[in-house]
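The next block holds one structure in the form of C-alpha cells; read it before the comments.
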Amino acid sequence: MKFAFFPGCVLKGAAAEAYTSMQKVCDALGIELEEIPNWTCCGASHAQGVNDLAALAVNARNISIAENMGLPILTVCNTCTLQLRTAKYRLDHDKDLRDKVNAILKEAGHPYEYKGTSEITHFLWVLDDHPELFEGKVTDALQGTKIAAYYGCHILRPQDIMHHEDGKYPESLERLVRRLGGTPVWFDAHRKCCGFHAQLAAEHDVLTVTGQIVDSAGRAGADLIVTPCPLCQMQLDMYEPEGRDAVQSSVEIPILHLQQLIGLALGMSKKDVGFDRHVSAQAKLKIG
C-alpha cells in the first residue's frame, strides 16, 4: 500500500512529533509513504478568503504532482484533507474552472496540468477501511485505557466533500480505538470545532471552546483524548491550561495525535512517538 504523502505545514514545523511518529507507525503497518516533492501549503481554510482562484491553483498544483507520481494522496491533517478534496471536487465538476486553473499553472511554469486522476484520503479513513493492517501487531498497551475520540470539524463536513461516514454520527475513530485495545468513551464535544483557525481573532471564545472540549472528555471519564488532526491536537494541548481557566475546570488530560496512539498500541514508548514534545499533562499519560 503506497501513497503520495502530503504532510502539510504543521507536521514539518510545530508538530514535528506528528511527522516522526507517522513515519514510524506507517513503517510498522506496512504503509509506504512517498512525500510529494515541493508541495506547498494548502491554504489552511484562509487563503480562499483572500483569493479563491489562487487557493484553487495552489491545491491543483499539489494534486497534479501526485498525479504525475501515479499515486493517491494521503494526508494526516483534517484541514489539508478538506482543502485538497474541496479543490478536487470543484475542479472535477467545472471544466471552465479547471481550464482557468491549468492556464495559471502553465503560466507559472508548472510542468503538470491538473487532470483529476489522484484520489485524496485521510490516514484515519485508510485505517478504518483496512483493519487487516493491525493483524498480529497490537499489544495490550491500551488495555483498560478510556479514550475520548475527538474528530474536530473539518474531517466530517461538508458531507458532500468529506463523505467517508455520516458526519453527524461518526464511528471510525471509536472503531479504531477498539482495534487498538482501548475503550472509547462518548463525550458530547467529540464533533465540536477546536477553534484553532480563530485563535488570534477571538481568543476568549476559542479558549472557552478549548476548555469545554477537554472538560467534556474529563467528565466522561477519559484518560486521554486522541484526534486525527494536528491542528486540533495543538490547540487542545498548547492551550489546555488557559482553556481550563476559561471554563473553571480542573481537568488535566493528555492530547494525543492519532499516530501517537497507534504507536503506543504497537508497543512503542512515549519517547518513540514524541510525547516529550507535548505541553500539557506530561505526567498523566501512563502508557509506554
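The values are calculated or read from the model by the stated rules, or taken from the named source; none is laboratory data. This is a predicted model, so every value here is computed, not measured. Glycine also receives a Cβ, built like all others from the backbone with ideal geometry; neighbour counts cover every protein chain displayed. Surface accessibility is based on the protein's heavy atoms, side chains included, excluding ligands, DNA and RNA. Shrake-Rupley method; radii C 1.70, N 1.55, O 1.52, S 1.80 Å.
Roughly speaking, what % of Cα-Cα pairs in the chain are separated by over 32 Å, rounded to a whole number? Distances greater than 32 Å cover 24 percent of the Cα pairs.
Computed over the chain, the per-residue total of -39500 (n - 2.57) for DSSP H runs of n ≥ 4 gives a 222 nm mean residue ellipticity of -13000 deg cm²/dmol, rounded to 500.
With all pairs of separate Cα atoms included, segment 1-101 yields a Kirkwood hydrodynamic radius of 14.1 Å. The residue list Ala149, Gly274, Asn62 was ranked by how far each Cα lies along the charge dipole of the chain toward its positive end, using unit charges on Cβ atoms, and Gly274 comes out on top. For Glu135, the solvent-accessible surface computed with a 1.4 Å probe is close to 130 Å², ligands and nucleic acids excluded. Placing unit charges on the Cβ atoms of the charged side chains and taking the dipole of the chain about its Cα centre, the candidate lying farthest along the positive direction among Leu133, Gln159, Thr79 is Leu133. Note on the chain: GNM, Cα springs under 10 Å; of Ala54, Ala222, Ala148, the largest mean-square fluctuation is that of Ala54.
Computed extension length for Asp129-Leu53: 24.0 nm, one decimal, from 0.36 nm per residue of separation with the Cα-Cα distance subtracted. Here segment 53-98 and segment 1-38 have alpha carbon centers that stand 18 Å from each other. D for segment 115-249, whole µm²/s, Stokes-Einstein with Kirkwood Rh over alpha-carbon pairs at 20 °C and 1.002 mPa s: what number? Reported coefficient: 135 µm²/s.
Using a probe of 1.4 Å, the accessible surface attributed to Leu71 totals some 20 Å² when neighbouring protein chains are kept in position. Listed by chain and number, the aspartates and glutamates whose C-alpha is less than 17 Å from the C-alpha of Lys106, apart from same-chain residues fewer than 8 away, are Glu67, Asp96. Compactness of segment 167-230 was expressed as the Cα radius of gyration divided by 2.2 N^0.38 Å, which yields 1.21. Of the accessible area of the chain, computed with a 1.4 Å probe over protein heavy atoms only, carbon and sulfur atoms account for 50 percent. Between Glu252 and Lys137, residue separation times 0.36 nm minus the direct Cα-Cα distance comes to 38.4 nm.
Measuring nothing but how far apart in sequence close Cα pairs (under 8 Å, 6+ apart) lie, relative to its length, segment 102-215 scores a relative contact order of 24 percent. In this rough spin-label picture, where each label sits 7 Å from Cα along the Cβ direction, the Lys100-Ser269 distance is 5.6 nm.
One equal scatterer on each Cα of segment 206-288, no solvent, Debye formula: the resulting log10 I(q)/I(0) at q = 0.13, 0.19, 0.21, 0.26 Å⁻¹ is -0.36, -0.76, -0.91, -1.30. Per residue, the accessible area of the chain comes to 43 Å² when a 1.4 Å probe rolls over the protein heavy atoms. Determine the alpha carbon to alpha carbon distance for each of Lys137/Lys286; Lys24/Lys146; Lys115/Lys192; Lys2/Lys192; Lys100/Lys168 and list only those over 27 Å. The pairs that break the limit, which is 27 Å between Cα atoms, are Lys115/Lys192; Lys2/Lys192; Lys100/Lys168. Distance from the Cα centre of segment 133-166 to that of segment 197-251, in angstrom? Between the Cα centres of segment 133-166 and segment 197-251 lies a distance of 19 Å.
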